[in-house]
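See below for the structure under consideration.
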């Protein structure tokens, strides 16, 4: 049953691909529901998701007039994509075809929303002078430790501490 549904999905994607090649005006009508339905599969349906994102990549390259609508749809669906291969291609598409400043900002906001804030800090002029005066101090302290997740697997937890007094209190809490 599972393999037949995967085969059906694969054939459906190929059929939609052929239809849109023969009738490009059907792209918005066919592609948006396909993206809604097929990009979210995980594990057994992942081939359908991967085939869908590859098809989207082809469409966005060949039909530039549909890039804006496809990018907007990818921005909204990125939160729901669970397959790492599909997510990798989706992020590549966004990185490759987000051209305007607004699209780039939206792309960064979408990706940041999915992965969390990045451990990147701006060094202000006052802090630079303090750092140069104090050779031992080099900005925020990053602590990475291994934790056990609720499902029993291992993960890492990163803590960023800006102040040395916070670092001491964090280490005391861990003990």
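Just so it is clear, none of the values below were taken in a lab; they were calculated from the coordinates. The model shown is predicted, which means the values in this text are computed figures rather than measured ones. Using ideal geometry, Cβ is built from the backbone for each residue, glycine included, and neighbour counts are taken over all protein chains shown.
Taking the beta-carbon count within 10 Å as an exposure proxy, list 16, 159 from fewest neighbours to most.
By the 10 Å Cβ count, ascending, the order reads 159, 16.
Before anything else, pin down the relative contact order of the range 20-96: Cα pairs under 8 Å, at least 6 apart, normalised by residue count, whole percent.
The value is 32 percent.
Once label points are set 7 Å from the Cα along Cα→Cβ at both residue 154 and residue 25, what is their separation, rounded to one decimal in nm?
Reported label-point gap for residue 154 and residue 25 is 6.0 nm.
Using a 10 Å cut-off around each Cβ, can you sort 108, 55 from fewest to most neighbouring Cβ atoms?
108, 55
Order these by the 10 Å Cβ neighbour count, fewest first: 104, 89.
104, 89
What does the highest-first list of 61-69, 150-158 look like by mean Cβ count within 10 Å?
Per-residue mean Cβ counts within 10 Å order the peptides as 61-69, 150-158.
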